[in-house]
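> Below is a structure I'd like to ask you about.
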Amino acid sequence: MSWVVIALSGIFFVSSTEAFKCPQICHCTASSFHCSNDTQKASKNHATSIVLEHLDLQELPTHAFKQLIKIKVIIIKHMKNLRAIEKGAFTDLPDLNHLCIIGTGIVHFPDLSTISSLGFPFSLKVQENMAVKNIPANSFNGMAKHPCDIILTGSSFKEIHPYAFNGTSIRTLNLSHNKYLCNLPEDAFQGAIGPRYLDVSSTALTSLPRKGLEKVKDLKAKSAFALTRLPPLDSLVELGVAELTYASQCCAFHMWQSKHRQQELENPKSICKLMLKNSAQGTDSYLNHPELRHLCPSNSSIQCTPKPDDFNPCEDLLGPILGNVTWIIAIFTIVANLTVLVVLLFTSRKLTISRFLICNLALADACMGFYLMLIARMDCHSRHEYYNHATEWQLGPGCDMSGFLTMFSSELSVYTLTVISFERWYTIINAIDLNKRLGMKHMVPIMVVGWVFSLLIALLPLVGVSSYGKVSVCLPMDIDTEASRAYVMIVLSLNVVAFLGVCFCYVCIYQSVRRPLPANHYSDAKLAKRMAVLIFTDFLCMAPISFFAISATMHVPLITVSHSKILLIIFYPINSLCNPFLYTIFTRAFRKEVRLLLKCWGNPLRAFIAKCPQLPPYLIPNSSQQETTL
């Protein structure tokens, strides 16, 4: 504001450190002042500006500036005790082109309807007035006859009423840094012309009106984190420059405009095609057909920032092929692991260490299936228009939940696989010494540590250490801070160490089992093949992810997010899909468990069917035959 004060001539300034001195063109009492044409003539002063600063006034009365027809600038600032500006305080000020009200204690938006300024351009600044909560209808109607710039920043506005800008021609409307402003109604610009420049940066707005933005050429919405969706893009036909918060919003502009123009150009009878052709030849057809402007956008491209980057390219979350594969993997993963849980938990056999560990593994791997299902569902919901859902998804609870599930699942699964491997190795090398056997009293605390560790790893991105919202697949790929980079490197390193530990255990197991029975080549080969499959699936799951993730963490990315989705969907969940089959379903013991469970459930079913005489005899199963079949 200092540049305004310096540039103005004839300014009357009252310092907060000095006693109050009434401006010469005004008549003042102990608690009020009055400026009129008569007082201006009496002072023989031809000043065109008035600055009122640090005055101990509680109100500006009606006709406070009556008949000051030559006044061009009125600045009222830093008057915390000023509670009211009465209606008609600014009346008949035809030359006024700059009105500034800053840092006052007014509780109602000032009445500006009787200014009737003829100045061009008229500039209004109402800033840092923290007691004003709303802007009523027709607040600016009658303020100026020509287009005006309205700056309403840094205040405590919570609400702007419908028709607030009615009767006003607006060049610039700046609503930035109103951190409580969360609603701009659909009819806010009804009856207004413009604005051409709109700034809603650093506000709590969740949406922009669909009507009244047709003239906007420059839109600024930086740090407007709640503004996750823009209005229908057909209502922003004049937009040429957009400074937004999220890259996905720029995707919306680019993809919509490209699609719109392609459709128009492919239509040989398109009026817009003719308009574009004339525009290319230097002829503005909109001058003769202005009614077509809302149908045929006049700007050839929109300069939009932030531009899409490697983490957020303009594309679907998965796409049709990868999306279908994800559904298949998710369903098989969930069904297989839940089957293992049901069979192991509902049979009557004792809960052994092996069964306990397999149940933990199945639960962890089932979480991976649910993660894949959430990702696949979001892909179906946002297909071909992910840019409209990207911000809400990546910053919302859905992505956080998905990221939590996948990190908890992967870490608990890796931890459990490592414990299973060490438990089997330890049991084999101490097979003779019964005093060194592991029991449930040892295994339960070990798994409690694993659960706590996995929960901690999954919770850290939710409290600011990395973030799940960096990419559409909701993995902690945010490495912008030292803590985030350390988090990613530690997790990847621990997974690599766990893989090496599993390999070590299975090599030792193979050597231990092979030594006593050198003649049993068939058993050796079968055991070696089984262990090779286990280690290979672990390697296939962890190696590519760890390799590319570590390179990206070191700022040497070797693969794009678009390509990494294939790794993340195909390779990342391999363990979760294969573990129930390799560790449980394909084993002879599990088949016995299934037969036992079917037998337990079959007896009540046969008893129920036997009580139904209406059924044909051949539908009633024979007990002995049923048991033989099972």
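> At 1.4 Å probe size, what's the solvent-accessible area of Lys80? Round to the nearest 10 Å².
Rounded to the nearest 10, that gives 130 Å².
> Around Ala64, what is the net charge, scoring Lys/Arg as +1 and Asp/Glu as -1 over all other residues with Cβ under 13 Å from its Cβ?
Numbers: positive: Lys66, Lys87; negative: Glu59, Glu86, Asp92, Asp111.
So the surrounding residues net to -2.
> Okay, next question. Mind checking the full-extension length gain between Asp56 and Asn141? Use 0.36 nm per residue of separation minus the Cα-Cα distance, one decimal, nm.
Details: separation 85, 0.36 × 85 = 30.60 nm, distance 3.00 nm.
Between Asp56 and Asn141, full extension yields 27.6 nm more.
> Given R₀ = 51 Å, FRET efficiency for Cys503-His254 by Cβ-Cβ distance, to 0.05?
Details: r = 48 Å, r/R0 = 0.93.
Calculated transfer efficiency: 0.60.
> Once a ≥ b ≥ c are taken as the square roots of the eigenvalues of the Cα gyration tensor of region 182-222, is the result rounded (a/c under 1.5), prolate (a/b larger than b/c) or oblate (a/b not larger than b/c)?
On the way: a/c = 2.45, a/b = 1.22, b/c = 2.01.
Judged from the Cα gyration tensor, region 182-222 comes out oblate (a/c at least 1.5, b/c at or above a/b).
> Oh, and also: Could you size up the charge dipole of region 375-480 around its Cα centre, putting +1 on the beta carbon of Lys and Arg and -1 on that of Asp and Glu, and report it in debye to the nearest 20?
It comes to approximately 520 debye.
> Quick one: which residues, 5 or more positions from His98 or on another chain, have an amide H under 5 Å from its amide H? H modelled 1.01 Å from N in the peptide plane, none for Pro or chain starts.
Ile74, Ser123
> Another question, if that's okay. Using 0.36 nm per residue of separation minus the Cα-Cα distance, give me the extension gain between Leu456 and Ser493 in nm, one decimal. Write out the running numbers ahead of the final one.
Details: separation 37, 0.36 × 37 = 13.32 nm, distance 1.63 nm.
Extra length available between Leu456 and Ser493 comes to 11.7 nm.
> Further question: Step through the residues of region 391-404 one at a time and calculate ³J(HN,Hα) from phi using the Karplus curve (6.51 cos²θ - 1.76 cosθ + 1.60, θ = phi - 60°), rounding each to whole Hz and writing x for Gly and Pro.
These are the phi-based 3J(HN,Hα) values: 5, 4, 6, 6, 9, x, x, x, 5, 4, 5, 4, x, 4 Hz.
> Moving on. I need the calculated FRET efficiency for the pair Ile566 and Ser207, taking r as the beta carbon distance and R₀ as 45 Å, to the nearest 0.05.
0.80
> Also, quick follow-up: Please tell me which of these pairs span more than 18 angstrom C-alpha to C-alpha: Lys222/Lys307; Lys72/Lys125; Lys133/Lys179; Lys72/Lys215; Lys179/Lys211; Lys350/Lys441?
Working: Lys222/Lys307 13 Å; Lys72/Lys125 14 Å; Lys133/Lys179 12 Å; Lys72/Lys215 28 Å; Lys179/Lys211 23 Å; Lys350/Lys441 15 Å.
Pairs exceeding the cut-off: Lys72/Lys215; Lys179/Lys211.
> Compare the peptides 108-117, 185-194 by average per-residue count of other Cβ atoms within 10 angstrom and give them in order, highest first. Intermediate results must be reported in sequence, preceding the final value.
Details: 108-117: 20.4, 185-194: 18.8.
The most tightly packed comes first, giving 108-117, 185-194.
> If you take the beta carbon distance between Thr427 and Gln303 as r and set R0 to 60 Å, what does 1/(1 + (r/R0)^6) give as a FRET efficiency, to the nearest 0.05?
Once rounded, the FRET efficiency stands at 0.35.
> Right, here's the next one. Contour minus end-to-end for Val449 and Glu243, with contour as 0.36 nm per residue of separation and end-to-end as the Cα-Cα distance? It would help to have the intermediate numbers written out before the result.
Numbers: separation 206, 0.36 × 206 = 74.16 nm, distance 4.75 nm.
Taking 0.36 nm per residue and subtracting the Cα distance, the gain is 69.4 nm.
The values are calculated or read from the model by the stated rules, or taken from the named source; none is laboratory data. In this text the structure is predicted, and so the values were computed from the model without any measurement. Cβ: placed from backbone, ideal geometry, glycine included. Neighbour counts: every protein chain shown. SASA here: full protein model, heavy atoms, side chains in, ligands and nucleic acids out. Shrake-Rupley method; radii C 1.70, N 1.55, O 1.52, S 1.80 Å.
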